[in-house]
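Everything on this sheet refers to the single structure shown next.
Read-outs: derived from the displayed coordinates by stated rules, not from any lab. A quick note: this is a predicted structure, and the numbers were derived from the prediction, not measured. Cβ atoms come from the backbone with ideal geometry, glycine included; neighbour counts cover every protein chain shown.
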Amino acid sequence: MSRRRAFTLIELLVVIALISVLLGLLLPAVQKAREAASRAHCQNNLKQIGIAVHLYADNYGSFPSGYVYVPSPIVKLPVGFVDPRPQKIDRHPPGLPPQPNSPGWGWASLLLSNLEQGNLAQQINYKLAVEAVSNLSARTSQLSIYTCPSDLNTGVFNVLNEKNQVLASAATNSYAACFGSGYLLGTQPDNGNGVFYRNSATRFTDIADGTSNTLAIGERGAILGQGPWAGVMTGGTIRTTPGAPVYASIIEPASSMVLARVGPHTLNSVYSEPYDFFSPHGQVVQFLFCDGSVHPLSISTDLGVLQALATRSQGEPTDGSAF
């Protein structure tokens, strides 16, 4: 009568230990490969967006607006009216009426027809505000072209006003257009020194620094702040996402929903605010440049270089130090 040999307890423990070691060695490699694939996907998103931007420029003679604002003809200001909002800071004090931004459709919504999203574009009534009830289905559509696979907290979220009231729901965007370099995105959205700002219509000839030296669109992941791809909502805010890898929780006004700028912080700084560029990729932040190329910029890139790249006509580094 033959006896079937079984594992002893020690042998079983040894096998389990070996499997654990192999898994421990394999897991980082799998994670690294997954992140490399996600980064490549994100880079391809930006390349496709770049093609769409250039097609838009070919059709209309300029890059799309950062977002569209049409002043209401009904509102008439008295002679000598002075806007009480401060002109030298990013955020106006609470209690003042929200800055009007309607209809607010942003650069990402203006590119839909050039991104094989013509059917979605046809659902949008661009004459009505982004937050209009009839635009609910369109603005809550989740688009892979505007979603970095590595980004966290993407999807449909609630846009809040300064009083923490829900204005509307919308789908996130992992990317933001470059307003420029400066501190007045919140209070002077028309005065960006970058390529995109409120009602901008930047032509290639306006980019005196050269299209290969000027940022167009970069990563500003929902990991830092949830902003809608659809556009800006009057009275809306963009906020530091709970659990974001930064030190402070900040609330920014509506214009920062679709725009970002280079201010006093380097890329992926722990002091970053929702109107900063910020990437879930860790050591690099990917940018679409105005010539259609995509480059990852290291988080160690000099702040002065970043500020120069963010502007369209204020001088650039010529030694290639950004890349």
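Brief remarks on what is shown
- Remark: LEU224, LEU267, LEU22 ranked as LEU22, LEU267, LEU224, counting other beta-carbon atoms within 10 Å and listing the fewest first.
- Given charges at beta-carbon only (K, R positive; D, E negative), |dipole| of region 213-323 in Debye: 280 debye
- Assuming charge only on the beta carbon of Lys and Arg (+1) and of Asp and Glu (-1), the dipole of region 148-279 about its Cα centre is about 180 debye to the nearest 20.
- Two-site FRET efficiency, ASN119 against VAL15, from Cβ-Cβ distance with R₀ of 51 Å, rounded to 0.05: 0.40
- Its alpha carbons considered, region 111-210 gives a radius of gyration followed by a Dmax of 15.8, 43 Å.
- Shape class of region 178-322 from the alpha-carbon gyration tensor: oblate, with a/c at 1.5 or above and b/c at least as large as a/b.
- Burial ordering of GLU116, GLU131, fewest other beta-carbon atoms within 10 Å first: GLU116, GLU131
- Amide H contacts under 5 Å for THR241: GLY225, GLN226, restricted to partners 5 or more places along the chain or on a different chain, H placed in the peptide plane at 1.01 Å from N.
- Ordered by the count of other Cβ atoms within 10 Å of each Cβ, fewest first, PHE196, PHE179 give PHE196, PHE179.
- Label zone at ALA201, where the point sits 7 Å out along the Cα-to-Cβ direction: region 106-143 residues whose backbone N lies under 17 Å: 106-107, 110-111
- FRET efficiency, 1/(1 + (r/R0)^6) with R0 35 Å, evaluated for LEU152 and ASP302 via beta carbons: 0.80
- Taking each residue as 0.36 nm, the span from VAL270 to ALA208 lengthens on full extension beyond its C-alpha to C-alpha distance by 19.1 nm.
- Sites LEU22 and LYS127 - FRET efficiency at Förster radius 56 Å, r taken between beta-carbons, to 0.05: 0.40
- Compared with the direct C-alpha span, the chain from TYR183 to GLN314 gains 45.6 nm at full extension, assuming 0.36 nm per residue.
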